[in-house]
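The values are calculated or read from the model by the stated rules, or taken from the named source; none is laboratory data. Computed from a predicted structure; not experimentally measured. Cβ atoms come from the backbone with ideal geometry, glycine included; neighbour counts cover every protein chain shown.
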Amino acid sequence: MTDYAEVIERIYREVTPYWGAGKVADYIPALAQVDPRQLGIVVDTLDLNTCKVGDADVPFSVQSISKVFTLTMVVRLIGEELWKSVGREPSGNPFNSLVQLEYEQGLPRNPFINAGALVVTDRLISLYPRPKEALIDFVRSLCGTDDIYYDHHVAKSERLHADRNMALAYFIKSFGNIHNDVETVIDVYCHQCALAMSCTDLARSFLLFANRGVNPLNGEQVLTESQTKRIGALMATCGFYDESGDFAYRVGLPGKSGVGGGIVAYMPGKLSMAVWSPELNSYGNSLIGIEAFERFTTDIRSSIF
């Protein structure tokens with residue numbers, strides 16, 4: 001049996017020399033203030049055995065990882081109906097690009113680029129009377145803790161620098177693909193990106209996907225097996241911006257990253273893993289996080305491939 005604690009402790013020692021090789025996100029001022037020399041690694045198994053090392057319990061802004069939670073909440077209620085409004089293909093362009101929307105008539109390529117996530121957030125607002133409260137409650141149910149909250153400092157900083165997302169939302173709305181008030185959509189979107197979670201929280205929350213749509217904490221069937229499989233496929237192909245193909249090549253797990261420096265991924269039927277290190281590579285993914293994940297699946301000789 002693999003000793004995951006030993007594996008991640010060794011990886012932690014091996015990757016800390018990479019500190020200084022990346023750059024903390026600075027286009028959102030609140031993120032630029034984060035101490036770059038932090039690293040947490042957590043592995044959580046389906047029998048709820050948790051191994052952790054480093055800054056595993058330090059909350060941080062999950063940013064685009066939140067897109068998985070909102071997508072799950074929408075898909076569980078409307079299922080395949082969503083895909084009339086959002087595509088399922090890698091974009092090949094930056095995550096906040098406006099270019100494709102012009103010639104694809106307001107239909108975002110996938111739910112993990114910003115344009116697609118805004119459409120998903122719009123549907124969330126239509127489906128849930130109190131969407132921000134519903135999202136917090138949902139994530140808390142996956143983590144088994146009430147200590148999940150919005151970092152209002154980050155949310156305010158996001159909103160003050162949301163011009164590109166505002167432009168995306170208005171452009172999509174001009175094609176009739178956003179139904180609610182754009183200001184409301186941006187407010188909810190900025191808050192979801194400002195969810196504060198630790199690696200321990202993230203790893204636990206992604207056991208839902210490792211467990212084929214069943215929350216292992218309470219046995220609730222949140223998603224069908226088919227829905228879980230399809231969301232996992234989207235994570236594998238679109239979850240890491242323009243580095244998704246390389247992450248699949250190097251790591252071989254479905255997952256999601258965020259510019260807060262977090263990465264969370266899972267192995268179906270076995271485990272989930274979260275890494276947080278704020279310094280990013282040129283694609284906007286945690287530089288040390290990518291390295292840690294590659295070493296992990298190489299070390300345990302297992303991936304989805």
Hey, does segment 23-32 have a residue that's at pLDDT 95 or above and either farther than 21 Å from Gln192 by Cβ or out of contact with any Cys (no Cβ under 9 Å at 6 or more places or on another chain) (or both)?
-> yes
Starting from residues that are among the small types (Gly, Ala, Ser) and in contact with a helix residue (DSSP H, G or I) (Cβ under 7 Å, 6 or more places away or on another chain), keep the ones in segment 16-45 and report whichever is farthest from His161 (Cα to Cα).
-> Gly40
Helices (runs of 4 or more DSSP H) lying entirely in segment 145-235 (those with 3 or more residues that are without any contact (Cβ under 8 Å) to a residue 60 or more places away in the chain and either in contact with a Phe, Trp or Tyr (Cβ under 8 Å, 6 or more places away or on another chain) or within 28 Å of Gly87 (Cα to Cα) (or both)) | 163-174, 182-193
Filter pass, Thr200 being over 28 Å from Asp151 (Cβ atoms), under 17 Å from the mean Cα position of the chain (by Cα) and buried (at least 20 other Cβ atoms within 10 Å of the Cβ) | no
Would you mind stating whether Gln221 is surrounded by fewer than 24 Cβ atoms within 10 Å (Cβ to Cβ) and touching a strand residue (DSSP E or B) at 6+ places or on another chain (Cβ under 7 Å)?
-> yes
From Pro59, Pro29, Pro90, residue being touching a Ser or Thr at 6+ places or on another chain (Cβ under 6 Å) and within 25 Å of Gly213 (Cβ to Cβ) | Pro90
Extreme residue, nearest to Phe296 (Cα to Cα), among residues of segment 1-15 that are at pLDDT 95 or above and touching a Ser or Thr at 6+ places or on another chain (Cβ under 9 Å) = Tyr4
Residue in segment 29-42 that is at negative phi, basic (Lys, Arg) and in contact (Cβ under 8 Å) with a residue 60 or more places away in the chain present = no
Can we say Asp47 is within 25 Å of His191 (Cα to Cα) and charged (D, E, K, R)?
-> no
Checked segment 261-291 for anything under 16 Å from Ala21 (Cβ atoms), surrounded by fewer than 24 Cβ atoms within 10 Å (Cβ to Cβ) and in contact (Cβ under 8 Å) with a residue 40 or more places away in the chain; matches are Glu279, Asn281, Tyr283, Gly284, Leu287, Glu291
Name, by its number, the condition in (1) over 30 Å from Gly176 (Cβ atoms); (2) modelled with pLDDT of 95 or more; (3) not in a loop (DSSP other than H, G, I, E, B) that does not hold for Gly79.
-> (1)
How many residues, within segment 1-24, are assigned to a loop (DSSP other than H, G, I, E, B) and farther than 22 Å from Phe206 by Cβ?
-> 4
Quick one: is Ser66 under 19 Å from the mean Cα position of the chain (by Cα), touching a residue at least 60 places away in the same chain (Cβ under 8 Å) and part of a helix (DSSP H, G or I)?
-> yes
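Listed here are the residues, each with its yes/no results for (1) touching a Gly at 6+ places or on another chain (Cβ under 7 Å); (2) closer than 28 Å to Val222 by Cα.
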residue	(1), (2)
Val7	no, no
Ile28	no, no
Asp35	no, no
Cys51	no, yes
Phe60	yes, yes
Leu71	no, yes
Ile113	no, yes
Identify the single condition in (1) assigned to a helix (DSSP H, G or I); (2) surrounded by fewer than 16 Cβ atoms within 10 Å (Cβ to Cβ); (3) among the acidic types (Asp, Glu) that Glu89 does not satisfy, given that it satisfies every other one.
-> (1)
For segment 239-279 the number of residues that are modelled with pLDDT of 95 or more and farther than 22 Å from Thr298 by Cα is 5
Quick one: would you say Val120 is without any contact (Cβ under 8 Å) to a residue 60 or more places away in the chain and either closer than 22 Å to Gly239 by Cβ or touching a Cys at 6+ places or on another chain (Cβ under 9 Å) (or both)?
-> yes
